[in-house]
Amino acid sequence: MNTVIFRTLAPLIVAIMLIFSLYVCLRGHNEPGGGFIGGLIAASAMAVFGMASGVSEVRRALRVDPMAIAGFGVIIAGASGLLSLFIDAPFMTSIWLYVDLGETVVPLSTPLVFDLGVYCVVFGTLSAIALSLEADREEDL
């Protein structure tokens with residue numbers, strides 16, 4: 001699938017998918033969504049980008065190895081659970097911080113940090129798999 005129309009529209013599709021994946025991830029602990037489905041959408045965006053532009057272009061755009069992103073996500077997700085030990089609470093107990101920004105209050109929480117870690121794990125792992133499969137396909141052609 002290497003048509004001119006697909007190669008032209010792929011960057012727009014990828015940008016929309018990445019923004020939507022962040023939206024789904026950030027609303028996840030209050031409504032349906034979260035890090036897992038957000039990471040799936042983002043990894044799908046990288047697969048679309050890989051089909052349109054090639055694996056080398058995707059790796060150049062990412063700038064970091066996808067498995068390093070996955071490892072970073074594991075550390076972030078684990079660290080979010082360890083934060084509760086500092087307040088003498090059981091592992092993975094939620095901690096909330098309410099930040100005043102002008103006339104609005106922004107709630108920050110350890111479940112949000114956990115969701116971001118899961119997002120990175122899913123995105124990194126599935127992107128590495130998709131790029132590996134796409135690279136094998138390119139070699140066969």
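The values are calculated or read from the model by the stated rules, or taken from the named source; none is laboratory data. Remember, it's a predicted structure, so these values are computed and weren't measured experimentally. Cβ atoms come from the backbone with ideal geometry, glycine included; neighbour counts cover every protein chain shown.
If you go through the range 56-103 and pick out every residue that is closer than 14 Å to ASP115 by Cβ and small (Gly, Ala, Ser), you end up with 7.
Does ILE69 fit the bill of being at pLDDT 95 or above, out of contact with any Ser or Thr (no Cβ under 9 Å at 6 or more places or on another chain) and part of a helix (DSSP H, G or I)?
Values: at pLDDT 95 or above: yes; out of contact with any Ser or Thr (no Cβ under 9 Å at 6 or more places or on another chain): no; part of a helix (DSSP H, G or I): yes.
Considered against the rule, which asks whether it is at pLDDT 95 or above, out of contact with any Ser or Thr (no Cβ under 9 Å at 6 or more places or on another chain) and part of a helix (DSSP H, G or I), ILE69 comes out as no.
All of GLY78, GLY71, GLY39 fail the test of being under 15 Å from the mean Cα position of the chain (by Cα) and surrounded by fewer than 19 Cβ atoms within 10 Å (Cβ to Cβ), apart from GLY71. Filtered by the rule that a residue be surrounded by fewer than 22 Cβ atoms within 10 Å (Cβ to Cβ) and touching a residue at least 60 places away in the same chain (Cβ under 8 Å), the range 45-56 gives ALA47, MET51, GLY54, VAL55.
Residues in the range 44-58: is at least one out of contact with any helix residue (DSSP H, G or I) (no Cβ under 6 Å at 6 or more places or on another chain), closer than 14 Å to LEU126 by Cα and of a type in the set (Ser, Thr, Tyr)? Checking the range 44-58: at least one residue is out of contact with any helix residue (DSSP H, G or I) (no Cβ under 6 Å at 6 or more places or on another chain), closer than 14 Å to LEU126 by Cα and of a type in the set (Ser, Thr, Tyr). Within the range 80-105, residues that are on the phi > 0 side of the Ramachandran plot and among the hydrophobic types (A, V, I, L, M, F, W, C) reach no partner that is loosely packed, with under 10 Cβ neighbours inside 10 Å and at pLDDT below 90 with beta carbons closer than 6 Å at six or more positions or on different chains.
Within the range 38-50, none of the residues are within 26 Å of THR3 (Cα to Cα), of a type outside the set (A, V, I, L, M, F, W, C) and part of a loop (DSSP other than H, G, I, E, B).
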